[in-house]
Amino acid sequence: MNPRLLIALYLFVILLPLGLSALGTRPPRALSDELASGAGMLAYAILLAEFLLSGRFRAISGRIGIDITMRFHQLLARTAIVLALVHPLAYTNPSMGIDLSAIGAGAAAWGLLFMLFLAALSRDRPGTAHETWRLFHGLGAALIAALLLYHTLYAGRYAQDPVLAAVWIGLFAVALASLLFVYLLKPLHKMRHPWTAESIRKIATRTWEVTLTPQRHDGMRYKAGQFAWISIGRSAISLNENPFSIASAPASGNKLQFVIKELGDFTRTLGRIQPGTRAYVDGPHGNMMIDNHGVATGIAMVAGGVGIAPILGILRQLHLENDPRPTTLLYGNRREDQIVYRDELDNLARDHGTRVVHALYEPPEGWDGHHGMCDAALIRQEFDQPEMRHWLYVLCGPPVMMDIAEETLIEMGVPAGNIISERFKYD
Ligand SMILES: Cc1cc2nc3c(=O)[nH]c(=O)nc-3n(C[C@H](O)[C@H](O)[C@H](O)COP(=O)(O)OP(=O)(O)OC[C@H]3O[C@@H](n4cnc5c(N)ncnc54)[C@H](O)[C@@H]3O)c2cc1C
């Protein structure tokens with residue numbers, strides 16, 4: 001679906017309850033009371049829509065990208081919190097009747113919403129397991145949605161209209177169905193399409209190459225640059241699954257290859273996983289694909305550290321397809337022992353003509369590549385030429401590097417639409 005249509009659909013859904021209320025024939029109240037009701041309705045509609053903005057739906061994140069989907073998710077969650085604050089405080093004359101259980105449900109949802117918000121803000125604190133937070137976030141959100149449905153139907157003035165009541169029940173059902181889709185239907189699909197961890201190989205300091213082979217099925221259709229959620233040695237219904245970019249090229253066959261850096265609970269166990277262990281894959285996801293930019297006259301890639309993973313997939317695919325467009329790779333690392341697939345990159349330079357520029361922050365003695373980071377000066381040095389303004393730029397790496405690269409490219413006159421990127425931060 002076209003991103004503009006997605007936005008229009010989103011606005012329609014969240015504004016529908018307000019619109020229906022405005023069309024009603026109830027006598028008007030004081031402005032602040034109407035404001036309180038409106039804020040409550042909008043907050044609830046936004047919350048229900050958040051279930052679809054969880055990043056797990058290809059129809060959404062495959063169109064606008066996982067980064068934008070998650071930014072929307074966070075921004076809208078904050079908007080809903082503000083509206084939820086306004087809702088009870090703005091009433092001058094609550095006409096909610098005397099249904100104390102419905103008011104209690106609203107108050108409980110209110111408290112839980114703030115707890116969920118605070119937990120989301122502190123989810124990256126050391127000692128917080130990502131999976132525990134994810135479980136709390138999902139179950140908490142479902143409970144809030146259910147409490148608010150009760151509150152809306154029994155305490156809401158406008159929800160006494162049967163049409164609006166049916167709309168609320170429908171929106172709630174869609175939100176609940178989205179959870180069932182992610183936590184029940186997807187795992188069932190994964191169970192029927194298992195993979196095997198064929199090899200797990202250390203390829204650089206704290207960095208592993210993981211190759212998965214499909215077990216009795218044809219594998220997964222994907223585009224170079226996309227990513228998948230994978231779990232190895234765990235049940236298909238486990239919450240322990242992590243997103244990783246696919247570093248293999250679709251044209252290379254049905255095996256999937258990943259380049260994974262040790263970071264926490266799961267990634268630090270990679271070295272202990274035995275070849276032959278069962279794995280599950282949910283994907284493909286993401287839209288960092290160059291296919292949508294066929295008119296670009298060349299392709300420049302800026303990778304920092306393990307951000308090389310999706311870029312490798314793209315480079316490999318371009319080579320296998322004999323794509324005639326010029327390519328440049330700017331690949332930054334701290335130290336030389338962090339560079340992955342150096343021989344393959346040299347071969348790509350020789351066989352595909354890719355210009356590979358290595359940058360090291362702590363170079364060894366005698367290093368003949370660039371000294372320092374992939375900073376603005378290096379970006380300008382490598383790409384500030386008139387013909388390169390029409391190239392496509394693919395960025396993946398540490399957030400600071402990506403921000404600098406994006407800013408510099410835009411200053412150089414590269415249209416924002418010619419820059420695609422992905423951050424390795426999901427939430
Ligand atoms: C789209 C995308 C593509 C990525 N591609 C790569 C890649 O190719 N190579 C690579 O090394 N890393 C990649 N990452 C990062 C990778 O997902 C995390 O490093 C990994 O999940 C950490 O897991 P852990 O259990 O070892 O660490 P933990 O200590 O559990 O988590 C560290 C951090 O990783 C993130 N994280 C952990 N689990 C999840 C999860 N289930 N879902 C979302 N985020 C999670 C959270 O921000 C968390 O704070 C990618 C991330 C995203 C969002």
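Here are some notes:
- A 1.4 Å probe, protein heavy atoms only, puts the accessible area of TYR361 near 120 Å².
- For the range 1-141: rounded, prolate or oblate by the Cα gyration tensor [a/c cutoff 1.5]: oblate
- Mean residue ellipticity (222 nm) of the chain, computed from DSSP H runs ≥ 4 via -39,500 (n - 2.57), nearest 500: -14500 deg cm²/dmol
- Accessible carbon and sulfur surface of the chain relative to its total accessible area, %, 1.4 Å: 62 percent
- Exposure of LEU116 as accessible area (Å², to 10), given a probe of 1.4 Å and all protein chains: 20 Å²
- Accessible surface area normalised per residue over the range 193-285 is 42 Å², counting heavy atoms of protein chains with a 1.4 Å rolling probe.
- In terms of distances greater than 23 angstrom between alpha carbons, the cross-link table entries LYS202/LYS223; LYS255/LYS425; LYS223/LYS255 yield LYS202/LYS223; LYS255/LYS425.
- The H on the amide N of SER421, modeled in the peptide plane, is under 5 Å from the matching H of LEU395, each at least 5 residues off or on a different chain.
- For the chain, share of DSSP beta bridges that run antiparallel, in % to the nearest 5: 50 percent
- Near THR354, the amide H atoms lying under 5 Å from its own belong to ALA349; only residues 5 or more places off or on other chains count, and H is placed 1.01 Å from N.
- Most to least accessible of ILE230, ILE404 (protein chains only, probe 1.4 Å): ILE404, ILE230
- Amide hydrogen proximity for SER199: with H placed 1.01 Å from N in the peptide plane, the residues at 5 or more positions away or on another chain lying under 5 Å are THR211.
- Between the beta carbons of LYS255 and GLU34, assuming R0 = 60 Å, the FRET efficiency works out to 0.50 to the nearest 0.05.
- Label point distance in nm, GLN215-ILE68, each placed 7 Å from Cα along Cα→Cβ: 3.8 nm
- When ARG56, ARG334 are compared by accessible area at a 1.4 angstrom probe, the order from most to least is ARG334, ARG56.
- The base-10 log of I(q)/I(0) for the range 291-422, evaluated at q = 0.10, 0.14, 0.19 Å⁻¹, reads -0.28, -0.57, -1.09 [Debye formula, identical scatterers on Cα atoms, solvent excluded].
- Residue-wise HN-Hα coupling along the range 323-331, computed from phi with Karplus coefficients 6.51, -1.76, 1.60 (Hz; x: Gly, Pro): 5, x, 6, x, 10, 10, 10, 9, 10
- Label-to-label distance, GLU362 versus GLN385, with points set 7 angstrom from Cα along the beta-carbon direction: 3.4 nm.
- Accessible area per residue in Å² at 1.4 Å probe, computed on the range 3-190: 51 Å²
- Fully extending the segment from LYS202 to GLU411 would add 71.3 nm, taking 0.36 nm per residue of separation and subtracting the current Cα-Cα distance.
The values are calculated or read from the model by the stated rules, or taken from the named source; none is laboratory data. Quick caveat: nothing in here was measured; it's all calculated off a predicted structure. All Cβ positions, even for glycine, are placed from backbone atoms using ideal geometry, and neighbour counts span all protein chains on display. When the accessible area is computed, the model is the full protein with side chains, heavy atoms only, and any ligands, DNA or RNA have been set aside. Shrake-Rupley method; radii C 1.70, N 1.55, O 1.52, S 1.80 Å.
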